């Protein structure tokens, strides 16, 4: 039986400031949908989600929720006014007997429900909003960047909750690993047009490149046709003027079609200049430790950072990752031990809180007001890696338009603030980058570019991130802080750390081992499937083929159901195929979960 629709948008159009955000956009969200909503920063993802939630009224079109279906929305900046504590906000609208749901969510998301709203951080407010949504258990959940401000452990908890729910959901997220695990369909906003593919985020990049390749091919064919028709018009029109006015009009129509095409947004001009070369030894820490009151942040720990290293720091929120980095860069002193910084260090810091940006300043002033970017006597230019550039020209390299130059920083989206901060960092040479949660709010294309330029960067990188995929792509060493004061060094990125940690539970004495030796000595893999029974090992070996078969069947059924005339011409076949698709999607989710469970058991 076909799944019932929960929400339908029909011919939605919306314009902000004279520019269309959407044009004749239509979509349907059905029961059981697990959808990734993707697109470039500024493409309208959050706006579309607000339209779906009924918070933004479109200029034209219709938004219809099925009678009795509750649509829940988690926004990026929740309004907690009128509530004394985070728990009061999260429990609002719930029956007293349902309050336990908030307590469970608060434990998994790691916030204190008794925290007064007045003293809560932005991250705590967002986690309370997420707990409120989960506790309400709507039939459709709209989640806008739910993993921002969550540590990896809390992200894992949220993944489990969403993996087990029967509710439908639409997710905006920069976290590739999160989207790959949870989604079965993808909505892609590109230049005001919405496309849908019945595959999860795993297949998005391949799909995007195929769409763009077809678009480029069609554009090239149109250009060739215009050139041929224009040549005819110049060479032959005088002899056949009366008989060929239709062809002249057709040429004008071709040119109008070409002019109306919206070009794809280019990539931001990201580039780090490593400047002068630092010494071979960048940082050497011996026996450093730190406590705040009675709380132990770091037990005695050694670390040697060499030129060109890419070191990721991972662990729960509050474990001390940022404190450790601030000690390593000399910003704060350890309680014991010693830190020696190398020679010729130029340090650039990308901070999670974006504290370097004044929300009341304009983008223009944010650049020209930076002493290291100021050009003497020129109020309209900034110094970029030793060369003066016009402010607006430099902003355009980071995908800002001229109208935004005088707008306040507070008007920017999260992704735009991240790009502005990158613009400031990249204007001057550095040979030691400290990146504290740089991936928050950045779109997939900008993340890819950031990863590439970090790969080409000649300097050293210290990275704090909860983005598992980004850590895997960038880091060659991972320092894990478990929250009990221990910091342990592992070779490789996130996946390597997880494999090594499962292979050999690290003894407390390991924190005192020289970090330079740890990567070479750390075991990289556990003997496969050591913790499984014979039946479980056999099942684990079979599951990849089962998953591949189910994915192939889902693709065939999806293609069959994509025929818009099928329901009208063969309703029985449509219903049978829809039921088969739903069953195979459920079977695929179960098989993937079983595979993950067995793999984790094998690793443990």
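Would you call residue 354 outside any loop (DSSP other than H, G, I, E, B) and either at pLDDT below 85 or not assigned by TED's automatic domain parsing to the domain that holds residue 281 (or both)?
In short, no.
Among the candidates 591, 580, which residue alone is closer than 30 Å to residue 498 by Cα and without any contact (Cβ under 8 Å) to a residue 60 or more places away in the chain?
Numbers: 580 fails: closer than 30 Å to residue 498 by Cα.
Going through 591, 580 in turn, the sole match is 591.
I'd like to know if the stretch 86-103 contains one or more residues that are in contact with a strand residue (DSSP E or B) (Cβ under 8 Å, 6 or more places away or on another chain) and not in a helix (DSSP H, G or I).
no
So residue 303 ticks every box in (1) in contact with a helix residue (DSSP H, G or I) (Cβ under 8 Å, 6 or more places away or on another chain); (2) farther than 30 Å from residue 487 by Cβ but one. Which box is left unticked?
Only one criterion in (1) in contact with a helix residue (DSSP H, G or I) (Cβ under 8 Å, 6 or more places away or on another chain); (2) farther than 30 Å from residue 487 by Cβ is unmet by residue 303, namely (2).
Quick test of your reading of the structure: residue 401 fulfils all but one of (1) farther than 19 Å from residue 272 by Cβ; (2) touching a residue at least 12 places away in the same chain (Cβ under 8 Å). Name the failing condition by number.
Result: residue 401 fails condition (2) only.
Kindly indicate whether residue 47 is within 20 Å of the chain's Cα centre (by Cα) and in a helix (DSSP H, G or I).
yes
Has the stretch 472-493 got at least one residue that is outside the structural domain of residue 41 (by TED's automatic domain parsing), closer than 22 Å to residue 414 by Cβ and either modelled with pLDDT of 85 or more or surrounded by 21 or more Cβ atoms within 10 Å (Cβ to Cβ) (or both)? Even if it seems obvious, please write down each step before you answer.
From the stretch 472-493, those outside the structural domain of residue 41 (by TED's automatic domain parsing) are 472-493; that's our starting set.
After this cut, where a residue has to be closer than 22 Å to residue 414 by Cβ as well, the list is 473-474.
Now drop any that are not either modelled with pLDDT of 85 or more or surrounded by 21 or more Cβ atoms within 10 Å (Cβ to Cβ) (or both), which leaves 473-474.
Yes, the conditions are met somewhere in the stretch 472-493.
Taking into account only those residues within the stretch 55-80 that are in a loop (DSSP other than H, G, I, E, B) and under 30 Å from residue 439 (Cβ atoms), which is farthest from the chain's Cα centre (by Cα)?
Going through the qualifying residues, I end up with 80.
Every residue, every condition in (1) within 24 Å of residue 162 (Cα to Cα); (2) touching a strand residue (DSSP E or B) at 6+ places or on another chain (Cβ under 8 Å); (3) surrounded by fewer than 20 Cβ atoms within 10 Å (Cβ to Cβ), yes or no:
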{"site": "10", "(1), (2), (3)": "no, yes, yes"}
{"site": "25", "(1), (2), (3)": "no, yes, no"}
{"site": "31", "(1), (2), (3)": "yes, yes, yes"}
{"site": "37", "(1), (2), (3)": "yes, yes, no"}
{"site": "49", "(1), (2), (3)": "yes, yes, no"}
{"site": "63", "(1), (2), (3)": "no, yes, yes"}
{"site": "68", "(1), (2), (3)": "yes, no, yes"}
{"site": "77", "(1), (2), (3)": "yes, no, yes"}
{"site": "81", "(1), (2), (3)": "no, no, yes"}
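If you take the residues in the stretch 436-446 that are under 16 Å from residue 466 (Cα atoms) and in contact with a helix residue (DSSP H, G or I) (Cβ under 8 Å, 6 or more places away or on another chain), which one is surrounded by the most Cβ atoms within 10 Å (Cβ to Cβ)?
Within the stretch 436-446, the match that is surrounded by the most Cβ atoms within 10 Å (Cβ to Cβ) is 438.
Looking only at the stretch 340-347, decide whether some residue is exposed (fewer than 15 other Cβ atoms within 10 Å of the Cβ), in a strand (DSSP E or B) and either touching a strand residue (DSSP E or B) at 6+ places or on another chain (Cβ under 6 Å) or at pLDDT 90 or above (or both).
Within the stretch 340-347, one or more residues are exposed (fewer than 15 other Cβ atoms within 10 Å of the Cβ), in a strand (DSSP E or B) and either touching a strand residue (DSSP E or B) at 6+ places or on another chain (Cβ under 6 Å) or at pLDDT 90 or above (or both).
In the stretch 431-484, what residues are more than 22 Å from residue 123 (Cα to Cα), within 18 Å of the chain's Cα centre (by Cα) and not in a helix (DSSP H, G or I)?
Across the stretch 431-484, the qualifying residue is only 475.
All but one of (1) in contact with a helix residue (DSSP H, G or I) (Cβ under 6 Å, 6 or more places away or on another chain); (2) surrounded by fewer than 21 Cβ atoms within 10 Å (Cβ to Cβ) hold for residue 411, so report the exception by its number.
So residue 411 meets the others, but not (1).
Take the residues in the stretch 280-327 that are without any contact (Cβ under 8 Å) to a residue 24 or more places away in the chain and under 30 Å from residue 156 (Cα atoms); name whichever of them is surrounded by the most Cβ atoms within 10 Å (Cβ to Cβ). Before you say what the answer is, go through the steps one by one.
Filtering the stretch 280-327 for residues without any contact (Cβ under 8 Å) to a residue 24 or more places away in the chain gives 292-295, 326.
Of the ones still in play, those that are also under 30 Å from residue 156 (Cα atoms) are 292, 294-295, 326.
Working: 292: 10, 294: 5, 295: 10, 326: 17.
My answer is 326.
The values are calculated or read from the model by the stated rules, or taken from the named source; none is laboratory data. It should be emphasised that the depicted structure is a prediction, and the values quoted were computed from it without experimental measurement. Cβ sites come from the backbone with ideal geometry, for glycine too, and all protein chains shown count toward neighbours.
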